[in-house]
Amino acid sequence: MIKKYRPHKFQWRFHNSKARFRTLIAGRRGGKSIAGTIEALRQLDSKPKTQGMIIAPTYPMLKDVNIPLFMEWCPNTSIKSWNKQELKLELINGSQVVCIVTG
């Protein structure tokens with residue numbers, strides 16, 4: 001089954017902004033995590049050998065929300081390796097994503 005992402009108007013503005021730095025500010029369940037995931041995947045796919053980060057304030061949030069969401073939307077055929085110990089994902093196009101806790 002192919003997943004379909006339908007951004008709401010604020011997510012759409014976030015994705016289509018030409019600004020160098022962008023942010024999506026919203027309350028709980030406002031679509032920040034999914035928009036960030038989709039945008040990260042777009043950037044990783046369009047620019048091979050890109051270095052990226054998934055950043056969360058706590059390890060439980062990273063483990064329970066951010067990593068599963070990213071893995072859910074990242075096609076399995078795009079993943080070269082996933083190092084669960086180092087929290088590092090490598091894609092077949094040479095891009096890499098490291099997961100980091102800030103708190």
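The values are calculated or read from the model by the stated rules, or taken from the named source; none is laboratory data. A quick note: this is a predicted structure, and the numbers were derived from the prediction, not measured. Here Cβ is always computed from backbone atoms with ideal geometry, including for glycine, and neighbour counts include all displayed protein chains. We work out accessible area using only protein heavy atoms, side chains counted, and drop any ligands, DNA or RNA first. Shrake-Rupley method; radii C 1.70, N 1.55, O 1.52, S 1.80 Å.
Quick check: pseudo-label points 7 Å beyond the Cα along Cα→Cβ at Ile92 and Ser78, how many nm apart are they?
Going from the Ile92 label point to the Ser78 one covers 1.2 nm.
Given Cα pairs under 8 Å that are at least 6 residues apart, what percent is the relative contact order of the chain?
27
Considering only protein heavy atoms and a probe of 1.4 Å, how much of the accessible area of the chain is carbon and sulfur, as a whole percent?
56
Counting Lys and Arg as +1 and Asp and Glu as -1, each charge on the Cβ, what is the dipole of the stretch 5-68 about the Cα centre in debye, to the nearest 20?
The calculated dipole for the stretch 5-68 is roughly 280 debye.
Give me the 1.4 Å probe accessible area per residue for the chain, excluding ligands and nucleic acids, in Å².
Result: 74 Å² per residue.
What are the ³J(HN,Hα) values, in whole Hz, obtained from phi via the Karplus relation 6.51 cos²θ - 1.76 cosθ + 1.60 with θ = phi - 60°, for each residue of the stretch 27-43 in sequence order, with x given for Gly and Pro?
Result, rounded to whole Hz: x, 4, 6, x, x, 5, 5, 5, 5, x, 4, 4, 5, 4, 5, 4, 5.
Test of the criteria: in the stretch 1-84, which trypsin sites (Lys or Arg not before Pro) are in a DSSP loop and have at most 14 other Cβ atoms within 10 angstrom of their Cβ?
Lys3, Lys4, Lys18, Arg20, Arg22, Arg28, Arg29, Lys49, Lys84
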